[in-house]
Every structure is written in C-alpha cells, then in structure tokens.
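Please treat every number below as a calculation from the coordinates, not as lab data. The structure presented is a predicted model; accordingly, all values stated were derived computationally and were not measured. Backbone-built Cβ (ideal geometry, glycine too); neighbour counts: all protein chains shown.
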Amino acid sequence: MRMDDQSAHQHNLPQVRRLEAVSFRAWPAASVNYDGSWQIRLTGGHPSKRVNCVVALDRSDTRDIRLRLEKAQRKFESYGRQMVFRETPLAPAPVVDVLIEDGWLRFDESIVMVLNLAELADHDVMDHLPSQDVGRFVDASLTLQNEDSSLKPALAELISSIKPPTGLFLVEVPDNGPVAGVICVHDNDLTGLLQLAVGESHRRQGMGFELTYAALRWARLRGAKMAWLQVQADNASALSLYRKLGFQEAYRYCYWQPKEKA
C-alpha cells in the first residue's frame, strides 16, 4: 500500500526539501553516507528511526534500485541495525513500487506540520526559559517517555551534536520529578520542535500547550519565522494540541522494512 498515493504536484517540493534538510540537522545521525541522492543515516548507539534509515532525496534517481537496497542493507547489518527505508514525497515512485513488489511492510506514518510564527496567537500562559543542561534534560526525557536509562549516553551524545542553537525546555516539580519537556532547535529562520513529552499524571492539564508555546515564543524572539515538527499520524492528542497552536500539515512520511525483519 502506497502512502496516501499523493502525486508530486500536490506538494511544495522545495519546502519538503528544505524541511527534510533542517530536520536532519536538528536530529543528526552519527554516520551519513550517500549512494547517489539516497542518504544512508546510521547511529549505532540510539534506535531512533530518524537517525537509522535510508532516505531518497531526488524523485529522478531510480537506477539499480534493488542493488542499492541490498548494499544499504549490508551497511545496516554491519551496525547491527534493522534496515529501514523512509518514504517522503521526494521518494521516487519506482522505488516504492519495488518495496511493494518485494513485500516490504509499511509502518509508522507521520505528519510534518508547519506554523508561520507571525500568526502565532497570544496566550496568557506561564513563560518558561530554556536550559542548556543536557544531562538533566536527558534524564527527564527518558523518564517522561518511559525509555530505558541505558539510552542516556546515546541520547546525550545525539542532543550535544545538534549544531544550531538549541533550547531544552523542561518543567519539573520539586521532589516529584519532571512534568514536561521539549527540544527547540533554531536554525536560521526555521525552528523545530522535538521530543515533546508530558508526564502521564500531568496530561490534559495544558502543560504541553504551555511549554510548546514558550518554546515557540523563544524561537520567534530569536528571529525564527516558521516552526516545524513531526508527529505520528495516529497521535490524536498531540495533533489536537498542535492544531490549537495553529500548525498545519505540510506533508507526510512513513517507514518501510523488509517483511522477514518485521
């Protein structure tokens, strides 16, 4: 099944290319190699699919598809990683056809959303300032997302390797631990939101909205003109929050993996 089977003319491809590039800088892989216009992203210490995937960046690059997939798969195996292909509107249709023909499984559709920060409405909520304490933020993020503490070194290294100016927004309650956290990466006139998480006992209380709004205001004051984020298509509560802030869908992406590895 093809991702929504949307044709290229329905997308602003220059915008897609720019958002893809800025997202790579905002969540950098440890190793990046190219096979033609295919970017092979690998990170041995962290399992995030965004830093462990193959991304095709030119719709006209369709040579030797199966051979290149096999070559990429060997690269993933050398890292002890499962081969994953990330399909965006930049992916050539013949590549997706091969994935379908060869029985690859499609999963985890996500939506890239954007917001013109000039249109960010004023809201009477508490302001929050960003931290630069990576270790503290990583501890809080792993707790909020119920992830294994063994990921701390890899996540800390990943966040520390982000080159654009980055604000780590965190709300904590004394003696009660972290409440919410989000990363805001300011890259020229764009700003990206990543890793938003709210503690289970604090959800549906407006904390996610408050912290996200604070991050957007911080980025706008630094000169950002547009904000972007990525959210899973089935995350109804997050989609509701982002739409309330004014975010709109720009495009979608999904992942594919070989059937035998599913």
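A few remarks follow.
- In this calculation the C-beta distance from residue 12 to residue 79 is compared with R0 = 35 Å, giving a FRET efficiency of 0.55.
- Across the options 162, 46, 94, the greatest Cα extent toward the positive end of the charge dipole of the chain (unit charges at beta carbon of Lys, Arg, Asp, Glu) belongs to 94.
- Leading residue at positive end of dipole, the stretch 116-251 (Cβ point charges), from 142, 116, 197: 116
- Label-to-label distance, residue 116 versus residue 149, with points set 7 angstrom from Cα along the beta-carbon direction: 4.8 nm.
- Between residue 236 and residue 200, the contour length at 0.36 nm per residue exceeds the Cα-Cα span by 11.4 nm.
- Rough spin-label spacing in nm, given labels placed 7 Å along Cα→Cβ, for residue 172 and residue 60: 5.3
- In the chain, the DSSP-assigned H stretches of four residues or longer account for a calculated mean residue ellipticity at 222 nm of -9500 deg cm²/dmol, using -39500 (n - 2.57) per stretch and the full residue count as denominator.
- 26 Å Cα-Cα reach of residue 152 towards lysines, excluding residues that sit fewer than 8 places from it in its own chain: 49, 75, 163
- For the stretch 212-256 and the stretch 143-164, distance of Cα centres in Å: 21
- Each residue of the stretch 16-108 gets 95 Å³ once the volume of the Cα convex hull is shared out per residue.
- Cleavage-rule hits, GluC sites (Glu not before Pro), the stretch 81-169, DSSP coil, Cβ neighbours within 10 Å at most 11: none
- Relative contact order (%) - the stretch 132-262, alpha-carbon pairs under 8 angstrom, separation at least six: 19
- Relative contact order of the chain, defined on C-alpha pairs under 8 angstrom at six or more residues apart (%): 25
- Between 62, 224, 236, the Cα set farthest toward the positive side of the dipole of the chain (charges on each charged residue's Cβ, about the Cα centre) is that of 62.
- Distance from the stretch 192-208 to the stretch 49-88 (C-alpha centre basis), Å: 33
- Candidates 214, 224, 21: whichever shows maximal mean-square fluctuation once the chain is modelled as a Gaussian network with Cα springs under 10 Å: 21
- Placing +1 on each Lys and Arg Cβ and -1 on each Asp and Glu Cβ, with no other charges, gives the chain a dipole about its Cα centre of roughly 560 debye.
- For the chain, the calculated P(r), taken from all Cα-Cα distances in 10 Å bins from zero up to the bin holding the longest distance, is 7, 29, 35, 22, 7, 1 percent.
- Average projected area [Cα convex hull, the stretch 116-251], square nanometres: 8.4
- DSSP beta bridges fully contained in the chain are about 90 percent antiparallel.
- In nm, spacing of pseudo-spin labels at residue 34 and residue 124 (7 Å Cα→C-beta vector): 5.3
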